[in-house]
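Reading through the structure tokens given below for one structure.
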Amino acid sequence: MVGYFTNLAVPRLGEFVKAGTLAKYEKMNTASILGTVVTERILDVLSLLIIFGLGLLLASGQILGYLNQHAQLPQISLPLLTGITFSALILLGILFFILIRYKNHSLIIHLKNKIRFFIRGILSIRHVKNMPLLIFHSVSIWFMYYLMTYFPFFSFEATSSLGPVAALLVFIFGGLGMVLPAPGGMGTFHAMVIAGLSIYGISGPDAFSFAMIIFLLVNIGVNLVMGVLAFILLPLINKNYQPSRTLKP
């Protein structure tokens, strides 16, 4: 909840705050925990792709029709692509030279250790004690996200007649809006939910009201309130806490 709360101010900063907070109380290396955050986000991306595939399977006509009408692929010229590739190769070459030339410098050694801990954190998924439980929680949290879109359908006259497949499409659009780098999905979430509802002929004030109320319910009613409580309660609950294990430096 501390991470969600921080994301309301600065997009993605919550991931670092969450890792730093956990590292503080568990006496672990922050880079290792950031590695697990990356693994968590990889699982999220895979989940979103699976959900998108499910939505495409159940409502391919609506999705493809919307994409054909609204989607526009960016035009990338060959010289621009060549320049970007060439610049990236130069930067990689400079980085490689610095790492080789100053490999014994304390800063380089410190950076290598951080990278090593980071990679260890990413690979920690191999050592999960209960993989079925990890899968269960990964599925359940995304199912709860979906219900956060589906249940409010019954609270609005304009959306009350829409079914679970429509809710799935709106959920997918809203999920894509949350992925974009905006504070708590502000603006991008609204635009994508409104776009999803427009597929079913719901637009204007009805679509905006639906998107706004869901956004406020989650971000103000949950993330803000619970985030503030988490900041207050964490040091109190963990005042005498001692971790059962520590990560070797």
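Taking into account only those residues within segment 106-141 that are of a type outside the set (Lys, Arg) and not in a helix (DSSP H, G or I), which is surrounded by the most Cβ atoms within 10 Å (Cβ to Cβ)?
Here the residue is VAL128.
Against the condition touching a residue at least 24 places away in the same chain (Cβ under 8 Å) and not in a helix (DSSP H, G or I), how does VAL38 come out, does it pass?
In short, no.
Return the pairs, sorted by first residue and then second, in which the second residue is part of a helix (DSSP H, G or I) and among the aliphatic types (A, V, I, L, M), the first residue lies in segment 210-227 and is touching a residue at least 60 places away in the same chain (Cβ under 8 Å) and closer than 13 Å to SER155 by Cβ, the beta carbons are less than 8 Å apart, and the residues are 6+ apart or on different chains.
Pairs that qualify, where the first residue is touching a residue at least 60 places away in the same chain (Cβ under 8 Å) and closer than 13 Å to SER155 by Cβ and the partner is part of a helix (DSSP H, G or I) and among the aliphatic types (A, V, I, L, M), are ILE214/MET148; ILE214/VAL193.
Just wondering, is there one or more residues in segment 17-33 that are in contact with a helix residue (DSSP H, G or I) (Cβ under 8 Å, 6 or more places away or on another chain), over 23 Å from PRO243 (Cα atoms) and free of Cβ contacts under 8 Å to residues at least 40 places away in the same chain?
No, the conditions are met nowhere in segment 17-33.
Which one is nearest to the chain's Cα centre (by Cα), of the residues in segment 1-35 that are part of a helix (DSSP H, G or I) and among the charged types (D, E, K, R)?
Top of the filtered list is GLU15.
Those residues that are modelled with pLDDT under 85 and over 21 Å from GLY185 (Cβ atoms), I need them from segment 7-52; list them, please.
MET28, ASN29, THR30, ALA31, SER32, ILE33, LEU34, GLY35, THR36, THR39
Please find, within segment 153-168, the residue that is nearest to the chain's Cα centre (by Cα) out of those that are at pLDDT 90 or above and part of a helix (DSSP H, G or I).
That would be LEU168.
Answer yes or no: is there a residue in segment 172-182 that is loosely packed, with under 13 Cβ neighbours inside 10 Å, of a type outside the set (Gly, Ala, Ser) and in contact with a helix residue (DSSP H, G or I) (Cβ under 6 Å, 6 or more places away or on another chain).
Checked against the condition, which is being loosely packed, with under 13 Cβ neighbours inside 10 Å, of a type outside the set (Gly, Ala, Ser) and in contact with a helix residue (DSSP H, G or I) (Cβ under 6 Å, 6 or more places away or on another chain), segment 172-182 yields no hits at all.
For ILE63, are the conditions met, namely being outside any loop (DSSP other than H, G, I, E, B), under 29 Å from LEU197 (Cβ atoms), among the β-branched types (Val, Ile, Thr) and at pLDDT below 80?
Yes; evaluated as a whole, the condition is true for this residue.
Quick check on LEU216: is it assigned to a helix (DSSP H, G or I), within 23 Å of the chain's Cα centre (by Cα) and crowded, with 16+ Cβ neighbours inside 10 Å?
Criteria not met by LEU216.
The values are calculated or read from the model by the stated rules, or taken from the named source; none is laboratory data. Everything numeric here is computed off the predicted structure, so don't read it as measured data. Cβ sites come from the backbone with ideal geometry, for glycine too, and all protein chains shown count toward neighbours.
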